[in-house]
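Input: one structure, supplied below.
The values are calculated or read from the model by the stated rules, or taken from the named source; none is laboratory data. Quantities reported herein were computed from a predicted structural model and do not represent experimental measurements. Counting neighbours? That spans all protein chains shown, and the Cβs are built from the backbone with ideal geometry, glycine included.
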Amino acid sequence: MSRRTKLVLLGIFLVLLAIPAVYFVLNWQPEKPLRFRLVSGADAGTGLPEGNRLVFEIENTSAVPVYLEGIRLVQGGDEANRHSRLGSFSSRMSSSNPTKIPAHGAVPLKGEVVYIQESRKVPMERFWIEYRWTSQPKFLVATPLKRLRLHLPTSIASQMPAVSASVDVTPLEVSGLTSQAPSSP
């Protein structure tokens, strides 16, 4: 094989290798990829929480699938109020069983809320969502690393890098909310 052919093949190989590398780099951590819209769980007139069941529609605004690992209800989005928890949201998702939200797609999510202290008196418009998530490229790297860490001796496993989930805060959209209470004639 001539030297020119070898260089052409090497160039093609490097370009093909660069395509997935660029994909991983560009999509490793998209900025604030999720939006949460409250479908039911608040009184339409007062905007106050109603019952313990909430239904969200979660929209992924990024170009890659996102794995949602956990949700907390907080008051306000600024750093000062970020730790002012209003409640804990519980569904079947966890870090070992995340909810996959397709790229530019939306999924419904139902769950129970445990409200904290006086949060039932806070209008839903002031609720923000703090969520833990992982992009698909990060998930594809983190999953095999977690499995490998389980099978290695502790001395080696502790030296391996950990890929952790990202945490973001976004306002809860409540516009167009309808109450689920039965209407009287």
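Could you please tell me which pairs satisfy a Cβ distance under 9 Å, a separation of 6+ or placement on different chains, a first residue in segment 61-72 that is closer than 23 Å to TYR23 by Cα, and a second residue that is charged (D, E, K, R) and assigned to a strand (DSSP E or B)?
THR61/ARG35; PRO65/LYS100; VAL66/LYS100; TYR67/LYS100; LEU68/LYS100; LEU68/ARG132; GLU69/ARG132
Residues ARG72, ARG82: which one is surrounded by fewer than 18 Cβ atoms within 10 Å (Cβ to Cβ), closer than 15 Å to ARG132 by Cα and at pLDDT below 90?
Answer to the selection: ARG82.
Quick check on my filter: what residues within segment 118-139 are modelled with pLDDT under 90 and outside any strand (DSSP E or B)?
Across segment 118-139, the qualifying residues are GLU118, SER119, ARG120, LYS121, VAL122, PRO123, MET124, GLU125, ARG126.
Continuing with the same structure: Pairs under 6 Å by beta carbon, first residue under 21 Å from TYR67 (Cα atoms) in segment 12-35, partner assigned to a helix (DSSP H, G or I), six or more apart or different chains?
Correct list of pairs: PHE24/PRO137; ASN27/PRO137; TRP28/PRO137; TRP28/LYS138.
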